[in-house]
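S.K.: Let me give you the structure first, and then I'll get to my questions.
The values are calculated or read from the model by the stated rules, or taken from the named source; none is laboratory data. These numbers come from a predicted model, not from an experiment. Cβ: placed from backbone, ideal geometry, glycine included. Neighbour counts: every protein chain shown. Areas reflect the complete protein model, heavy atoms only, side chains present, ligands, DNA and RNA absent. Shrake-Rupley method; radii C 1.70, N 1.55, O 1.52, S 1.80 Å.
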Amino acid sequence: MHSQQPVPNKRPPPIAELRLFDTDHDTHALSRKTILGDGTYRLFLAIPRTAPPAAGFPILYLLDGNAVFDLLTSEQLASANGVILAGIGHDTDRRFDPPSRSRDYTPSFDKRAPFPDPDRPDRLIGGAEQFLRRLAGPLMKATEANAPVDPARRIIFGHSLAGMFALYAMLKIPGVFRRFFAASPSLWWGDEILLKMETQTPRSKVTSDVLITLGDSERRSSPRGPHWDGPAPHTLEMIRRLQDRENLNVASHIFKGLGHAATLEASIPLALEFSASG
């Protein structure tokens, strides 16, 4: 079984300029720091300046936090008044760290710890279980240590491989987050391993709100399959299956004319609205 990773782009990901941190904002206090421990991650945090509700604020965990906070605008931040934004990023000055994404966001085929990708031996894959424990443990503890968080209103957002991870977290340990947003999740990955995982997950286990977005013009960059025309069939199939579960409230949105990369930026406003609505 192979991971069917896209052919690597020779150009490195763009630098994350993070201009949002250059000014003060009326609605949120921003901070950022590096979290050391079992792996090194960067935390980007925006906490509302208003007094919190008695139970605390909802908190939106944004995977690929370097990229999301680089794309986030001041206007979008202001629209999220009343929501804590927590970007969990890898230890890089760029928007993405592709090797770390491959390691952290992909499920294991055979219960092994992360192992070399057969298609890309320079990268590890299969570390989603370890990263989920890390996210729900030390990363969440560091994020919420001084933030008035309502633990019953945690939301997770991810795009591409991180979108697949968001759905993985829902199926694996559904109680960590209350709501799940998967933007263009890479459900073709690993011979559709997450669709197989969904089949094996008891229907009564998962009770959540889910939003899945995708573009109608997404194309694989690899000459190897799978290839398709229109919205990704693997994602449409997952939407259909999740909507068939009685305990899930599942919505979806297809962006007209957008390819895979463009759906990240397009999904951010929807993620902010989704976080504030429940």
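S.K.: With only Lys, Arg, Asp and Glu charged, each at its Cβ (+1 for the first two, -1 for the last two), find how big the charge dipole of the chain is about the Cα centre; round to the nearest 20 debye.
M.R.: Roughly 560 debye for the chain.
S.K.: Next question. Could you provide, to the nearest whole Å², the per residue accessible area of the chain with probe 1.4 Å?
M.R.: Per residue, the chain has an accessible area of 44 Å².
S.K.: Rounded if a/c is under 1.5, else prolate if a/b beats b/c, else oblate: with a ≥ b ≥ c from the C-alpha gyration tensor eigenvalues square-rooted, which is the range 164-278?
M.R.: Taking the square roots of the gyration eigenvalues as a ≥ b ≥ c, the range 164-278 is oblate.
S.K.: Here's something else I'd like to know. Could you rank the peptides 62-72, 171-181 by their average count of other C-beta atoms within 10 Å per residue, with the highest value first?
M.R.: 62-72, 171-181
S.K.: How much length, in nm to one decimal, is gained on full extension between Ala261 and Ile173, taken as 0.36 nm per residue of separation minus their Cα-Cα distance?
M.R.: 28.9 nm
S.K.: For a label point 7 angstrom out from the Cα of Ala54 toward its Cβ, which stretches of the range 264-278 have the backbone nitrogen within less than 11 Å?
M.R.: The answer is none, because no backbone nitrogen lies closer than 11 Å to the label point.
S.K.: Let me check against my output: what whole-number percent is the relative contact order of the range 119-278, with C-alpha pairs under 8 Å and at least 6 apart?
M.R.: After rounding, I find 21 percent.
S.K.: Then there is this: Cα gyration tensor of the range 91-183, axes a ≥ b ≥ c as square roots of the eigenvalues: rounded (a/c below 1.5), prolate (a/b > b/c) or oblate?
M.R.: Prolate.
S.K.: Please state the shape class of the chain: rounded when a/c is under 1.5, otherwise prolate if a/b exceeds b/c and oblate if not, all from the C-alpha gyration tensor.
M.R.: Note, shape of the chain comes out rounded.
S.K.: Test of understanding: what is the full-extension gain from Glu75 to Asp216, defined as 0.36 nm times their sequence separation minus their Cα-Cα distance?
M.R.: Full extension of this stretch gives 48.1 nm more.
S.K.: Can I ask one more? Are there trypsin sites (Lys or Arg not before Pro) in the range 1-100 that DSSP puts in a loop and that have at most 15 other Cβ atoms within 10 Å, and which ones?
M.R.: Lys10, Arg49
S.K.: Say the dipole of the range 188-278 comes from +1 at the beta carbon of Lys and Arg and -1 at that of Asp and Glu; which of Asn249, Ile239, Leu272 then lies farthest toward its positive end?
M.R.: Ile239
S.K.: Students often forget the sequence filter, so: which aspartates and glutamates lie under 12 Å Cα-Cα from Lys172 once same-chain residues fewer than 8 apart are removed?
M.R.: Glu129, Glu198
S.K.: Only helical DSSP H runs with n ≥ 4 go in: add -39500 (n - 2.57) per run for the chain, normalise by residue count and round the 222 nm mean residue ellipticity to 500 deg cm²/dmol.
M.R.: Helix contribution divided over all residues of the chain: -8500 deg cm²/dmol.
S.K.: Let me ask something else. What is the spin-label model distance, in nm, from Arg112 to Asp229 if the labels are put 7 Å beyond Cα along the C-beta direction?
M.R.: 4.0 nm
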